[in-house]
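A short write-up of the structure that comes next.
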Amino acid sequence: MSVQSDSTPLKPVKVALTPQERFNDYLQSRRMRNTEQRRAVLDCVFKHHDHFDADQLLERLPSKGKSGYVSRPTVYRTLGEFVDAGLLRKFVLDGRSVYEHDYGYPQHDHLYCSKCEKLIEFQSEALIKLRDEVAATHQFQVRTHRLIISGVCEDCRKGRVRVRRKVDLI
């Protein structure tokens, strides 16, 4: 599965700490060390914004036997730590765990093409208003939300060629 995201980036949110500083605070609060492997994964993840799964991240990191190599179990464990630290968000698409930046990135939702697996990020004031109205109706305090709308993108719909069957010619 290759997860792609739309090329139109959302504007970052100002934050007090860099992702590295926030992760250091998280590790210190749990009396954990910031190892070279954790730093390598963090640098790779925050080099650019996109949606990715653990396998895609492993492909970006140096392979076994090369300087900076990080093992598969360490990558999975570190991704979990990033989620716990509030740096990444994790969600499941077609049975695969997908990650995206959460820290310093605005609340947003996704359109997911089930054919080409493209993720398109979007923000909608109308959706936020509806969410808040529904929450107020139920005396519910919203902390966050996640909406993933599945369907087929325009590119996949246009690229689809209909096969004419003999029965269609009658």
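Pull up the cross-link candidates among the lysines for K64, meaning alpha carbon to alpha carbon under 22 Å and not fewer than 8 places away within one chain. Filter leaves K47. When the C-alpha to C-alpha distance is required to be over 23 Å, the pairs from K115/K158; K66/K90; K11/K115 that qualify are K66/K90; K11/K115. Here the sum of -39500 (n - 2.57) over DSSP H runs of 4 or more residues, divided by the residues of the chain, equals -10500 deg cm²/dmol at 222 nm, to the nearest 500. Enumerate the residues in the stretch 36-51 having an amide nitrogen under 17 Å from the point lying 7 Å beyond the Cα of R77 toward its Cβ. Residues 36-42 fall inside that zone. Here the chain was treated as a single set of alpha-carbon atoms; its pair distances binned every 5 Å from 0 give 1, 7, 14, 16, 16, 15, 11, 8, 5, 3, 2, 1, 1, 0, 0 percent. Applying 1/(1 + (r/R0)^6) with R0 = 45 Å to the Cβ-Cβ distance of R33 and I120 gives a FRET efficiency near 0.70.
Between F140 and A54, residue separation times 0.36 nm minus the direct Cα-Cα distance comes to 27.5 nm.
None of the figures in this text is laboratory data; all of them are computed from the coordinates on show. Bear in mind the structure is a predicted one, so any value in this text is a computation, not a measurement. In this analysis, Cβ positions are derived from the backbone assuming ideal geometry, glycine residues included, and neighbour counts consider all displayed protein chains.
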